[in-house]
Amino acid sequence: MTTDQPSQPAAPLDIVWPTDNPLELPTLRLDRQASAIVAPMACWGTVRRRDQRNVNSWHFFTDDYRFSRLWTHPQEVVATGARVCVEPNFSALDSMPFPVGWNNLYRKRWVARWWQEQGIDVIADLYVGAKYQAHNWMGIPKGWRAYATRGSAEDPEA
């Protein structure tokens, strides 16, 4: 395990985080929930690398290809000096087979927990398809109050 060297990247399956649910989604740390967004906030994949150190909070409400690499390289967010992050919004759409959507829930929760261990405060992502809404609450501890979702003028149901 690599937990003795938190600044080193970890392969996602090298660490098994504590869990409180039957799907074994990692449980977020209540003491590392964000109490506020620290401005400026930006969407990952929209800021040039040289300007990323100017961003204090990141969200991932964008196409998955812009942040999918964070599953194997979560340290890229840490390297920006971010203080707050919304969980990466790996898609969990109603059109996806359950194992695919569940895997994406696992990946976002695993990465968010890894960021917490590196000192980043986390906001839980609620933007999932109806099929996954009950599962999306797994791993979010009682008393958690930091949530984010996205809306769309083109899709009022979003």
Go through the residues of the range 39-59 one by one and say whether even a single one is closer than 14 Å to LYS108 by Cβ, modelled with pLDDT under 95 and either surrounded by 11 or more Cβ atoms within 10 Å (Cβ to Cβ) or aromatic (Phe, Trp, Tyr) (or both). no
Can you confirm whether the range 87-102 contains a residue that is out of contact with any strand residue (DSSP E or B) (no Cβ under 9 Å at 6 or more places or on another chain) and touching a residue at least 40 places away in the same chain (Cβ under 8 Å)? yes
Before we move on, is ALA34 over 13 Å from the mean Cα position of the chain (by Cα), within 22 Å of GLY151 (Cβ to Cβ) and modelled with pLDDT of 95 or more? no
Among residues of the range 37-85 being part of a loop (DSSP other than H, G, I, E, B) and of a type in the set (A, V, I, L, M), the residue farthest from ARG145 (Cα to Cα) is VAL47
Run VAL84 past the list (1) under 15 Å from PRO40 (Cα atoms); (2) in contact with a helix residue (DSSP H, G or I) (Cβ under 6 Å, 6 or more places away or on another chain) and report the number of the one that doesn't hold. (2)
Which numbered condition GLU76 fails, given (1) touching a Lys or Arg at 6+ places or on another chain (Cβ under 9 Å); (2) touching a residue at least 24 places away in the same chain (Cβ under 8 Å): (2)
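The values are calculated or read from the model by the stated rules, or taken from the named source; none is laboratory data. Computed from a predicted structure; not experimentally measured. Every residue, glycine as well, gets a Cβ built from its backbone with ideal geometry; the counts of neighbours run over all protein chains shown.
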